[in-house]
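A short write-up of the structure that comes next.
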Amino acid sequence: DAGVIQSPRHEVTEMGQEVTLRCKPISGHDYLFWYRQTMMRGLELLIYFNNNVPIDDSGMPEDRFSAKMPNASFSTLKIQPSEPRDSAVYFCASSLGTSHRDYGYTFGSGTRLTVV
Amino acid sequence: AQKVTQAQTEISVVEKEDVTLDCVYETRDTTYYLFWYKQPPSGELVFLIRRNSFDEQNEISGRYSWNFQKSTSSFNFTITASQVVDSAVYFCALRGTGRRALTFGSGTRLQVQP
């Protein structure tokens, strides 16, 4: 398996522009997570999905952020309009869960976003 | 609410020294899962171990070992005979019963000097 695939790896954009980050989870995984990593706040959960349905979006900073999962193999995180404080590394992760076990989480390589 | 505390911000050791990274957690759940991840300079998050709350057996994997103590809510990580390649940021994380997502600690940066 190729693992969790994120694109792009690096993104530099100007303030005010729309940014779309993409994620392809591991095939068969039913949970997908978006995390953001900054020096100030560390690794923080933005949103997660179960079977393509958003379960917890309490970590989404504000209305400028939106996430979708149109099917089991693709998710996007969109920022519109982007601001310099959105500069961070954004990680996508997927996992397979049952009521009795937790099979762990696999992270993508991350997207380093720089908003200038 | 879940909380993970990694009080050691940065540790520096000389190669071949043993080093222990501390992790203290808080949760009201009786069933939970604890994790350790490694983030090398390249930036990816590498899974190291998962431990269930009902399994307090300590684990050893090569030079790595983990000490899980429910009585003190700690899940410490020891690297024996450290190597330069162990230099990374190490994160402890917790997942409770209800919320599926991991709660991460702030991480400990380990620098192993040759």
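The values are calculated or read from the model by the stated rules, or taken from the named source; none is laboratory data. The structure displayed is predicted, hence computed values, not measured ones. Positions of Cβ are backbone-derived with ideal geometry, glycine not excepted, and every protein chain shown enters the neighbour counts. Calculation scope for accessible area: heavy atoms of the full protein, side chains included, ligands and nucleic acids excluded. Shrake-Rupley method; radii C 1.70, N 1.55, O 1.52, S 1.80 Å.
Against the list (1) surrounded by fewer than 16 Cβ atoms within 10 Å (Cβ to Cβ); (2) more than 27 Å from B:G96 (Cα to Cα), the condition A:M40 fails is (2). Would a scan of segment A:6-17 turn up a residue that is of a type in the set (K, R) and over 10 Å from the mean Cα position of the chain (by Cα)? Checking segment A:6-17: at least one residue is of a type in the set (K, R) and over 10 Å from the mean Cα position of the chain (by Cα). Restricted to segment A:1-89, the set of strands (runs of 3 or more DSSP E) holding at least 2 residues that are under 25 Å from B:Q39 (Cα atoms) and free of Cβ contacts under 8 Å to residues at least 40 places away in the same chain comprises A:42-50. Pairs are defined by a Cβ separation below 8 Å, a sequence spacing of at least 6 or placement on different chains, a first member in segment B:53-64 that is of a type in the set (A, V, I, L, M), and a second member that is in a loop (DSSP other than H, G, I, E, B); no pair meets this definition.
Taken together, the residues in segment B:56-114 that are away from chain A (no Cβ under 14 Å), under 30 Å from A:C92 (Cβ atoms), modelled with pLDDT under 95 and out of contact with any Ser or Thr (no Cβ under 9 Å at 6 or more places or on another chain) amount to 1.
Every condition in (1) open to solvent by less than 30 Å² (accessible area, probe 1.4 Å); (2) modelled with pLDDT of 95 or more holds for A:S95 except the one numbered (2).
For every residue, the table says whether it meets (1) modelled with pLDDT under 95; (2) open to solvent by 30 Å² or more (accessible area, probe 1.4 Å); (3) over 20 Å from A:V89 (Cβ atoms); (4) touching a Gly at 6+ places or on another chain (Cβ under 9 Å).
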residue: A:P8; (1), (2), (3), (4): no, yes, no, no
residue: A:K24; (1), (2), (3), (4): no, yes, no, yes
residue: A:S27; (1), (2), (3), (4): yes, yes, yes, no
residue: A:D30; (1), (2), (3), (4): yes, yes, yes, yes
residue: A:S58; (1), (2), (3), (4): yes, yes, yes, no
residue: A:S66; (1), (2), (3), (4): no, yes, no, no
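Within segment B:87-101, if we keep just the residues that are over 13 Å from the mean Cα position of the chain (by Cα) and under 17 Å from B:Q6 (Cβ atoms), the residue that is most open to solvent (accessible area, probe 1.4 Å) turns out to be B:S87. Any residue at all in segment B:43-51 that's modelled with pLDDT of 95 or more and open to solvent by 60 Å² or more (accessible area, probe 1.4 Å)? No: segment B:43-51 contains no residue that is modelled with pLDDT of 95 or more and open to solvent by 60 Å² or more (accessible area, probe 1.4 Å).
Before we move on, is A:T111 in contact with a Lys or Arg (Cβ under 7 Å, 6 or more places away or on another chain) and more than 10 Å from chain B (Cβ to nearest Cβ)? Spell out the reasoning first.
Values: in contact with a Lys or Arg (Cβ under 7 Å, 6 or more places away or on another chain): yes; more than 10 Å from chain B (Cβ to nearest Cβ): yes.
In short, yes.
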